[in-house]
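The values are calculated or read from the model by the stated rules, or taken from the named source; none is laboratory data. Bear in mind that the values here come from a model prediction, so they are computed numbers and not experimental data. Glycine gets a Cβ as well: all are built from the backbone with ideal geometry, and neighbour counts include every protein chain shown. We work out accessible area using only protein heavy atoms, side chains counted, and drop any ligands, DNA or RNA first. Shrake-Rupley method; radii C 1.70, N 1.55, O 1.52, S 1.80 Å.
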Amino acid sequence: MTRNINDASLANLKHYEGKWKHGQTRTIRVPIALADRVLTLARQLDNGESTDTSELPDAATLLNQLKAKRKKSKCDLADVEAILDMLGGLLP
């Protein structure tokens with residue numbers, strides 16, 4: 001069985017181009033309170049932009065924001081400080 005395919009229709013098909021410059025992506029789990037900031041930071045890194053760690057809020061501020069959004073969070077100041085240290089090690 002042969003099908004008639006319109007060559008003009010095939011020419012109009014577009015290949016999907018991903019939005020990330022560094023290739024394939026994957027899903028990760030991050031605290032909701034930090035998700036927007038992590039995504040912003042990832043976009044900056046992907047675009048080759050400078051990421052200044054001094055822009056990151058201090059640990060106590062982040063902990064307060066987290067506690068405001070997630071009342072039952074068991075995260076403490078030491079946890080937030082450890083996360084900031086890890087992020088600092090990833091940034092150029």
Difference of contour (0.36 nm per residue) and Cα-Cα distance, R70 to W20: 15.0 nm
Charge dipole of the chain about the Cα centre (unit charges at C-beta), most positive-ward option of L13, A42, P31: L13
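Based on the mean of other beta carbon atoms within 10 Å per residue, what is the order of 8-20, 64-76, 24-36, most packed first? Provide the component values of the computation, followed by the final result.
Working: 8-20: 6.8, 64-76: 12.1, 24-36: 10.3.
By packing density, highest mean first, the sequence is 64-76, 24-36, 8-20.
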Accessible area expressed per residue, the chain, with surrounding protein chains retained (probe 1.4 Å, Å²): 88 Å²
Accessible area of the chain belonging to carbon and sulfur atoms, whole % at 1.4 Å probe: 53 percent
Estimated vicinal HN-Hα couplings, Hz - segment 64-69 in sequence order (Karplus 6.51, -1.76, 1.60; Gly, Pro = x): 4, 5, 5, 5, 5, 8
Total formal charge among the other residues, if their Cβ is under 13 angstrom from that of V80, Lys/Arg +1 and Asp/Glu -1: -1
Inter-label distance for A60 and A82, nm, one decimal - labels placed 7 Å from Cα along Cα-to-Cβ: 2.2 nm
Mean Cα-pair separation over length for the chain, i.e. relative contact order, pairs under 8 Å, 6 or more apart, %: 25 percent
Calculated Rg and Dmax of the chain using C-alpha coordinates, Å: 21.1, 69
